[in-house]
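The block underneath contains the structure these notes are about, expressed in structure tokens.
The values are calculated or read from the model by the stated rules, or taken from the named source; none is laboratory data. Small disclaimer: the values here were computed from a predicted structure and weren't measured. When we count neighbours, we look across all protein chains shown, and the Cβ atoms used for this are built from the backbone with ideal geometry, even at glycine.
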Amino acid sequence: MTATEKKERTGKQIEVLPRGTISKKTDSGNEFELDLRANGEFSYSKLVSTRHPLVPNAVVKPKEVLKPSKKRSVKGTSDYLDYDLAMRIANDILWHGRQPQVGFYVIFSINTGLRVGDVLKLTHADMAGKQVGDYIIIKEQKTGKPRRIDFNANIIDAYTYLLKRSRRNPTGYIFKSQKNHVFATVTINRTLKRIFKGCAPVISSHSLRKTFGRRVYEMNGRSEHSLVLLSDIFGHSNLAITRRYLGLRKEEISNVYLNL
């Protein structure tokens, strides 16, 4: 408790704050005392209300201690998945899951290598009437550059089955939740972590893009030519970036030790 004194003019009692403490009055008239500490933490106690002094809409508890925000630790970059395993899991969700569009999202992503933001913009109009070998031109969200996406049999077959599971003729965006909202990236990442748990150390939407890259690399005999193609597809400035992106450099370093 802080000491109180009488104000000479009015005779009202006022609080005397200890040294190192300041009084914060918000625009709404809510007043707090902030106790500044040597270790960088601070506490504040309510003088008038329980509104946070720095965030007007936030309700807080008196004497709650707040610590400085810390950056979230990064465990590592996303890992690629085994392509065949990802296809099996995705098809199982497409055929039997409650949200078949999630299965189609995985299949579409690992067969095109698009970023999550570009995939989520896909509409039924983009896919309507398309056959194997047909294509669409998209404008990449990150680079602003046009990119041609050719549809292979995996994509066409998956979309055909998705339509069969739809109760009505679908329109608008493909990747929508049961509440008819387009999936957010954070929702996609959370879902992928759940369905591919144990398949790779670090899973995110970027894992599907890398899975596409590894598939292209393996199907083309792990050749330098395949790296040139992928570097162009991914928009990398040189092959070294593509090798690191696909985890090839990491594998090569590990093999140095294993082959001694």
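Condition first: basic (Lys, Arg) and under 18 Å from the mean Cα position of the chain (by Cα). Can you find one or more residues in region 77-89 that meet it? First the steps, then the outcome.
Here is the first cut: in region 77-89, the ones basic (Lys, Arg) are 88.
With under 18 Å from the mean Cα position of the chain (by Cα) added as a condition, the list becomes none.
Within region 77-89, not a single residue is basic (Lys, Arg) and under 18 Å from the mean Cα position of the chain (by Cα).
Which residues, counting only those in region 146-164, are in contact with a Lys or Arg (Cβ under 7 Å, 6 or more places away or on another chain) and assigned to a loop (DSSP other than H, G, I, E, B)? Let's see the steps before the verdict.
Here is the first cut: in region 146-164, the residues in contact with a Lys or Arg (Cβ under 7 Å, 6 or more places away or on another chain) are 146, 151, 156.
Of everything in region 146-164, just one residue is in contact with a Lys or Arg (Cβ under 7 Å, 6 or more places away or on another chain) and assigned to a loop (DSSP other than H, G, I, E, B), namely Phe151.
Can you say whether Lys193 is over 22 Å from Gln141 (Cα atoms), in the same structural domain as Val106 (by TED's automatic domain parsing), without any contact (Cβ under 8 Å) to a residue 24 or more places away in the chain and surrounded by 13 or more Cβ atoms within 10 Å (Cβ to Cβ), as far as the supplied structure shows? Give the derivation first.
Numbers: over 22 Å from Gln141 (Cα atoms): yes; in the same structural domain as Val106 (by TED's automatic domain parsing): yes; without any contact (Cβ under 8 Å) to a residue 24 or more places away in the chain: yes; surrounded by 13 or more Cβ atoms within 10 Å (Cβ to Cβ): yes.
When the stated conditions are applied, Lys193 passes them.
From the set of residues in region 173-188 that are closer than 17 Å to Asp118 by Cβ and free of Cβ contacts under 8 Å to residues at least 60 places away in the same chain, which is surrounded by the most Cβ atoms within 10 Å (Cβ to Cβ)? Walk me through how you get there before you give the answer.
Here is the first cut: in region 173-188, the ones closer than 17 Å to Asp118 by Cβ are 173-176, 182-188.
When the remaining residues are screened for being free of Cβ contacts under 8 Å to residues at least 60 places away in the same chain, the result is 173, 184, 186-187.
Numbers: Tyr173: 18, Ala184: 12, Val186: 9, Thr187: 15.
That would be Tyr173.
Filter region 113-151 down to the residues that are over 13 Å from Ile174 (Cβ atoms), under 24 Å from the mean Cα position of the chain (by Cα) and either loosely packed, with under 12 Cβ neighbours inside 10 Å or of a type in the set (S, T, N, Q) (or both) and list them by number.
Lys139, Gln141, Lys142, Thr143, Gly144, Lys145, Pro146
Just the residues that are in a helix (DSSP H, G or I) and exposed (fewer than 12 other Cβ atoms within 10 Å of the Cβ), please, taken from region 229-249. Quick ask: steps written out before the conclusion?
Residues of region 229-249 in a helix (DSSP H, G or I): 229-234, 239-245, 248-249.
Asp232, the sole residue that qualifies.
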